[in-house]
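Enquirer: Can you keep this structure in mind? I'll have questions shortly.
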Amino acid sequence: MSFETFVKEIKDNNIKVFGIEQYYDGKLIHSFGDTTKGIYPLHSITKSILSLAVGICVDKNIINLSDSVADYLSNIQPAYNTVTIERLLTMSIMDYPFNIEDDNYLNNILAIPLNNVDKYCFNYSNITAYLMSVVLTNALKSDLWAFIKENILLPLDITNVEYHLTSDGYFYGASKMKLSVHDVSKIALLLYNQGVYQNKKIVSKNYIQKATSKQIDNKEGGYGYYFWKYKNGFAMKGSYKQRCYILPEEKTIITFLSDIKDESNAIVDLMEKHLLSL
């Protein structure tokens, strides 16, 4: 295995990667590119950070995974009575499109007919994460972003960050955060250490284990609570090849943020070849 060869092939193939970090047994062993100064789009890695906020709210008994979404929303169709918080986390509502226009966002989403609400199947949609943000905001009765900042980001010494609010004022939750590569790795270290970062307990081991385990089948090996299963570990993933792989049995974390808009899987293939010997 060779980090240097991995980087060389990235350069030789002009793959647009902002920065890469590799950890072994909780220690940074290799890095390339801009890993600390710039902040870059995370896209759907935002969902994984939202999942941690859910876990903290569960730990504090603010919500329960079995709670109905209808407990936290008003003027909604009766089908929502059977939609639990866990259904949002597992993306198991087949009626949602991937996204809709951000114009009176919440009302437009709640107007989507849930004709197949009892059918439990994986359907990847930004809408579920956005609704999860609304549920948490209403459960907290306060600003969700302030909660994320106080309970996740600041304990991890993450201060340089961008985020997005929808037109109706809710933290978007599904995408549009920006962090540095190194700060994404801090989140990975929190996960690797079962909810603890530098001796500070952020979220319970029980929630981390549930969130990063397979809760629903999909074509990529399974999905947890806004985390993807990967090999014998799990991953945080965003479009355009933002990736963070956590492999506890191998004591390995690999983080890279990229801007690869084609369908190529080259950077993942190179990572598996040179860093994981797959």
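Enquirer: Could you grab me the full set of residues in region 243-258 that are open to solvent by 40 Å² or more (accessible area, probe 1.4 Å) and either within 19 Å of the chain's Cα centre (by Cα) or modelled with pLDDT under 95 (or both)?
Expert: Answer for region 243-258, where residues must be open to solvent by 40 Å² or more (accessible area, probe 1.4 Å) and either within 19 Å of the chain's Cα centre (by Cα) or modelled with pLDDT under 95 (or both): just Pro248.
Enquirer: Considering only region 129-145, I want to know if a residue exists there that is touching a Gly at 6+ places or on another chain (Cβ under 7 Å), of a type outside the set (A, V, I, L, M, F, W, C) and modelled with pLDDT of 95 or more.
Expert: Yes, some residue in region 129-145 is touching a Gly at 6+ places or on another chain (Cβ under 7 Å), of a type outside the set (A, V, I, L, M, F, W, C) and modelled with pLDDT of 95 or more.
Enquirer: Moving on to the next point. Among the residues of region 1-44, count how many are in a strand (DSSP E or B) and acidic (Asp, Glu).
Expert: Number satisfying all stated conditions: 1.
Enquirer: Output yes when any residue across region 72-79 is assigned to a loop (DSSP other than H, G, I, E, B), under 21 Å from the mean Cα position of the chain (by Cα) and among the small types (Gly, Ala, Ser), and no when none is. Outline the logic, then answer.
Expert: Going residue by residue through region 72-79, those that are assigned to a loop (DSSP other than H, G, I, E, B) are 72-77.
Applying the additional criterion that residues be under 21 Å from the mean Cα position of the chain (by Cα) yields none.
Scanning region 72-79 turns up no residue that is assigned to a loop (DSSP other than H, G, I, E, B), under 21 Å from the mean Cα position of the chain (by Cα) and among the small types (Gly, Ala, Ser).
Enquirer: For the condition touching a Gly at 6+ places or on another chain (Cβ under 9 Å), open to solvent by less than 50 Å² (accessible area, probe 1.4 Å) and touching a residue at least 60 places away in the same chain (Cβ under 8 Å), what is the one hit in Gly33, Gly26, Gly38?
Expert: Gly38
Enquirer: Determine, yes or no, whether Gly19 is over 18 Å from Tyr223 (Cβ atoms), crowded, with 21+ Cβ neighbours inside 10 Å and not hydrophobic (A, V, I, L, M, F, W, C).
Expert: In short, yes.
Enquirer: So Leu88 passes all but one of these: (1) part of a helix (DSSP H, G or I); (2) over 30 Å from Ala146 (Cβ atoms). Which condition number does it fail?
Expert: Failing condition for Leu88: (2).
Enquirer: Name the residue that is surrounded by the most Cβ atoms within 10 Å (Cβ to Cβ), counting only residues in region 179-210 that are of a type in the set (Gly, Ala, Ser) and more than 24 Å from Tyr40 (Cβ to Cβ). Let's see the steps before the verdict.
Expert: Kept after step one, since they are of a type in the set (Gly, Ala, Ser), are these residues of region 179-210: 180, 185, 188, 195, 204.
Subset that is more than 24 Å from Tyr40 (Cβ to Cβ): 195, 204.
Working: Gly195: 22, Ser204: 17.
Step by step, filter region 179-210, then rank; the result is Gly195.
Enquirer: What residue, of Ser142, Ser66, is touching an Asp or Glu at 6+ places or on another chain (Cβ under 7 Å), exposed (fewer than 13 other Cβ atoms within 10 Å of the Cβ) and of a type in the set (Gly, Ala, Ser)?
Expert: Unique residue meeting the criteria: Ser66.
Enquirer: When residues of region 104-156 are filtered for being in contact with a strand residue (DSSP E or B) (Cβ under 8 Å, 6 or more places away or on another chain), assigned to a loop (DSSP other than H, G, I, E, B) and aliphatic (A, V, I, L, M), how many remain?
Expert: 2
Enquirer: Further, regarding this structure: For the list (1) within 27 Å of Leu144 (Cβ to Cβ); (2) in contact (Cβ under 8 Å) with a residue 24 or more places away in the chain; (3) open to solvent by 20 Å² or more (accessible area, probe 1.4 Å), I need the number of the one condition that Ser213 fails.
Expert: If we test Ser213 against (1) within 27 Å of Leu144 (Cβ to Cβ); (2) in contact (Cβ under 8 Å) with a residue 24 or more places away in the chain; (3) open to solvent by 20 Å² or more (accessible area, probe 1.4 Å), just (2) comes out false.
Enquirer: For region 80-102, enumerate the residues that are at pLDDT 95 or above, surrounded by fewer than 19 Cβ atoms within 10 Å (Cβ to Cβ) and hydrophobic (A, V, I, L, M, F, W, C).
Expert: Those that are at pLDDT 95 or above, surrounded by fewer than 19 Cβ atoms within 10 Å (Cβ to Cβ) and hydrophobic (A, V, I, L, M, F, W, C): Met94, Phe98.
Enquirer: Got at least one residue in region 45-59 being closer than 30 Å to Leu278 by Cβ and open to solvent by 10 Å² or more (accessible area, probe 1.4 Å)?
Expert: No: region 45-59 contains no residue that is closer than 30 Å to Leu278 by Cβ and open to solvent by 10 Å² or more (accessible area, probe 1.4 Å).
Enquirer: Hey, Asn160 hits all of (1) open to solvent by 50 Å² or more (accessible area, probe 1.4 Å); (2) in contact (Cβ under 8 Å) with a residue 60 or more places away in the chain; (3) under 17 Å from the mean Cα position of the chain (by Cα) but one; which does it fall short on?
Expert: The number of the failed condition is (3).
Enquirer: Also: Checking Ser167 against (1) farther than 15 Å from Asn126 by Cα; (2) open to solvent by less than 50 Å² (accessible area, probe 1.4 Å); (3) of a type in the set (Gly, Ala, Ser); (4) touching a residue at least 40 places away in the same chain (Cβ under 8 Å), only one condition comes out false. Which one?
Expert: Exception for Ser167: condition (2).
Enquirer: Kindly provide the set of residues from region 206-257 that are among the charged types (D, E, K, R) and not in a strand (DSSP E or B), ordered by number. Steps first, please.
Expert: Start the filter on region 206-257 by keeping residues that are among the charged types (D, E, K, R), which leaves 210, 214, 217, 219-220, 229, 231, 237, 241, 243, 249-251.
Passing the criteria: Lys210, Lys214, Asp217, Lys219, Glu220, Lys231, Lys241, Glu249, Glu250, Lys251.
The values are calculated or read from the model by the stated rules, or taken from the named source; none is laboratory data. Predicted, not measured: the structure shown is a model, and the values here were computed from it. Neighbour counts run over all protein chains shown; Cβ positions are idealised from the backbone, glycine included. Please note that ligands, DNA and RNA were not included when accessible areas were found on the heavy atoms of the full protein model with its side chains. Shrake-Rupley method; radii C 1.70, N 1.55, O 1.52, S 1.80 Å.
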